[in-house]
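This report concerns only the one structure given below.
The values are calculated or read from the model by the stated rules, or taken from the named source; none is laboratory data. The shown structure was predicted, so the numbers you read here are calculated from the model rather than taken from an experiment. With ideal geometry, Cβ positions are generated from the backbone for all residues, glycine too; neighbour counts draw on all protein chains shown.
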Amino acid sequence: MKTKRILLKSRPKGMPDESNFQLEEQELKGPENGELLLKALYISVDPYMRGRMSDAKSYVPPYELYKPITGGVVAEVLESRNDKYTTGDVVMGNLPWETYNISNGKGLTKVDPDVAPLSYHLGLLGMPGLTAYCGLLYIGDPKPGETVVVSGAAGAVGTVVGQIAKLKGCRVVGIAGSDDKIDFLTKELGFDEGINYKATDNIKEALEHACPDGVDVYFDNVGGPISDAVYSLLNKFARIAICGQIAYYNATSPPTGLRVEPILLKKSCLMKGFIVSDYADKFGDAAKDLVSWLREGKLQYEETITDGFENLPEAFLGLFKGENTGKQLVKVAEPSKK
């Protein structure tokens, strides 16, 4: 059997492009004792992957050059020589960008196809949903009547953050990059206000209008000038969850901007950065609530799905151009039996 693979060909400087990736085919030998043959069904692309393309020290090791990129994958077990899995099982795990691959089964989680669409296990019921839940509830700690601002609000994490904040009785303001996304947030997901930062001459004034009572919780997926504007409206004892800083991911020099410490001091604010794995002990409760809210119709979830394994680099690069609404995925194949 042959498998297609996408390798990291070179480390990008600034914004990545197609030249940083390499597509190749490789012969694949069948699974040995204890192993599985997996067929990729859906592959996730996420902004954090940009950091792993650089060789700077971070919370996860960098990708190796001329090795497959890895990330969240939902896959089908085509052949099992591992007692824990059977042919036809659907699993999720951190796997290489390959159409087929051999796994020893470690780190894989079985997926129940009856709970939700398979793709949701890489989004609402996967890392983005867990990130939204844990960051908002355990750092933001929203109270009824408070104002929650979400940057990157139309992304995989932001859409869930805003909806959970609404479930907690908050006023929710989302910041995104197009009128269509703002309409989606306010008309479909129930956000109270939305701001298209690309069409706003003065983001601070727009925020003042949208947040007349100030900001109690800020869920920050973006950083940069947008966050600077939010900081000026923080209320006493406000909480800031730092989830992502996509404004800086392709920066070639250290960012400069507002010194936030005096604001945090005067307003007695909490600012905390986090990685979703920090809250691994909370995942059981989070998954239970997310599934329950989904089944009750209290959560909606949007996906942008690109077809075709070869289009993985294009889908990844689109994240930095704001081309996706909700979770960006690549569909590689249909399961053998639906």
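Select, from 137, 130, the only residue that is out of contact with any strand residue (DSSP E or B) (no Cβ under 9 Å at 6 or more places or on another chain) and either polar (S, T, N, Q) or closer than 23 Å to residue 236 by Cα (or both). Result: 137 is the single residue among 137, 130 that is out of contact with any strand residue (DSSP E or B) (no Cβ under 9 Å at 6 or more places or on another chain) and either polar (S, T, N, Q) or closer than 23 Å to residue 236 by Cα (or both). Within the stretch 67-92, the set of residues being farther than 15 Å from residue 32 by Cβ and acidic (Asp, Glu) comprises 76, 89.
Of all the residues in the stretch 21-56, those that are among the acidic types (Asp, Glu) and in contact (Cβ under 8 Å) with a residue 40 or more places away in the chain number 4.
Considering only the stretch 219-232, I want to know if a residue exists there that is within 27 Å of residue 279 (Cβ to Cβ), more than 25 Å from the chain's Cα centre (by Cα) and charged (D, E, K, R). Break it down into steps so the answer makes sense when it comes.
Initial filter on the stretch 219-232 (within 27 Å of residue 279 (Cβ to Cβ)): 219-224, 226-227, 230-231.
Those left that are additionally more than 25 Å from the chain's Cα centre (by Cα): none.
Checked against the condition, which is being within 27 Å of residue 279 (Cβ to Cβ), more than 25 Å from the chain's Cα centre (by Cα) and charged (D, E, K, R), the stretch 219-232 yields no hits at all.
Among the aromatic types (Phe, Trp, Tyr), buried (at least 22 other Cβ atoms within 10 Å of the Cβ), in the same structural domain as residue 266 (by TED's automatic domain parsing) and closer than 22 Å to residue 266 by Cα, is that true of residue 184? Considered against the rule, which asks whether it is among the aromatic types (Phe, Trp, Tyr), buried (at least 22 other Cβ atoms within 10 Å of the Cβ), in the same structural domain as residue 266 (by TED's automatic domain parsing) and closer than 22 Å to residue 266 by Cα, residue 184 comes out as no. The single condition among (1) in a helix (DSSP H, G or I); (2) out of contact with any Asp or Glu (no Cβ under 9 Å at 6 or more places or on another chain); (3) among the hydrophobic types (A, V, I, L, M, F, W, C); (4) farther than 10 Å from residue 149 by Cβ that residue 191 does not satisfy is (1). Out of curiosity, is residue 75 at pLDDT 95 or above and either closer than 17 Å to residue 42 by Cβ or surrounded by 23 or more Cβ atoms within 10 Å (Cβ to Cβ) (or both)? Taking the combined requirement at face value, the residue satisfies it.
Pick from 136, 41, 130, 125: which is surrounded by 20 or more Cβ atoms within 10 Å (Cβ to Cβ) and in a loop (DSSP other than H, G, I, E, B)? Of the residues listed, the single one that is surrounded by 20 or more Cβ atoms within 10 Å (Cβ to Cβ) and in a loop (DSSP other than H, G, I, E, B) is 125. Taken as a whole, the structure places residue 138 among residues that are among the aromatic types (Phe, Trp, Tyr), modelled with pLDDT of 95 or more and under 25 Å from residue 224 (Cβ atoms).
Do you know which residues across the stretch 74-97 are in contact (Cβ under 8 Å) with a residue 40 or more places away in the chain and touching a Gly at 6+ places or on another chain (Cβ under 8 Å)? Give the derivation first.
Step one: of the stretch 74-97, the residues in contact (Cβ under 8 Å) with a residue 40 or more places away in the chain are 74, 76-82, 85, 88, 90-91, 95-97.
Once the filter is applied, which keeps residues that are in contact (Cβ under 8 Å) with a residue 40 or more places away in the chain and touching a Gly at 6+ places or on another chain (Cβ under 8 Å), the stretch 74-97 yields 76, 77, 79, 81, 82, 85, 95, 97.
Could you list all residues from the stretch 96-124 that are of a type in the set (Phe, Trp, Tyr), more than 21 Å from residue 287 (Cβ to Cβ) and out of contact with any Ser or Thr (no Cβ under 6 Å at 6 or more places or on another chain)? Hit for the stretch 96-124 is 97, nothing else. Applying the criterion of at least 3 residues that are outside the structural domain of residue 44 (by TED's automatic domain parsing), surrounded by 13 or more Cβ atoms within 10 Å (Cβ to Cβ) and under 16 Å from the mean Cα position of the chain (by Cα) to the helices (runs of 4 or more DSSP H) found wholly in the stretch 240-338 leaves 283-295.
Go through the stretch 152-163 and give me each residue that's in contact (Cβ under 8 Å) with a residue 40 or more places away in the chain and either outside any strand (DSSP E or B) or within 10 Å of residue 194 (Cα to Cα) (or both). Before the answer, list the steps.
Just the residues of the stretch 152-163 that are in contact (Cβ under 8 Å) with a residue 40 or more places away in the chain, to begin with: 152-161, 163.
The answer is 152, 153, 154, 156, 157, 158, 159, 160, 161, 163.
Within the stretch 145-157, can one find any residue that is of a type in the set (Gly, Ala, Ser) and not assigned by TED's automatic domain parsing to the domain that holds residue 175? Within the stretch 145-157, not a single residue is of a type in the set (Gly, Ala, Ser) and not assigned by TED's automatic domain parsing to the domain that holds residue 175. Looking across the stretch 164-181, not a single residue is part of a loop (DSSP other than H, G, I, E, B) and buried (at least 24 other Cβ atoms within 10 Å of the Cβ).
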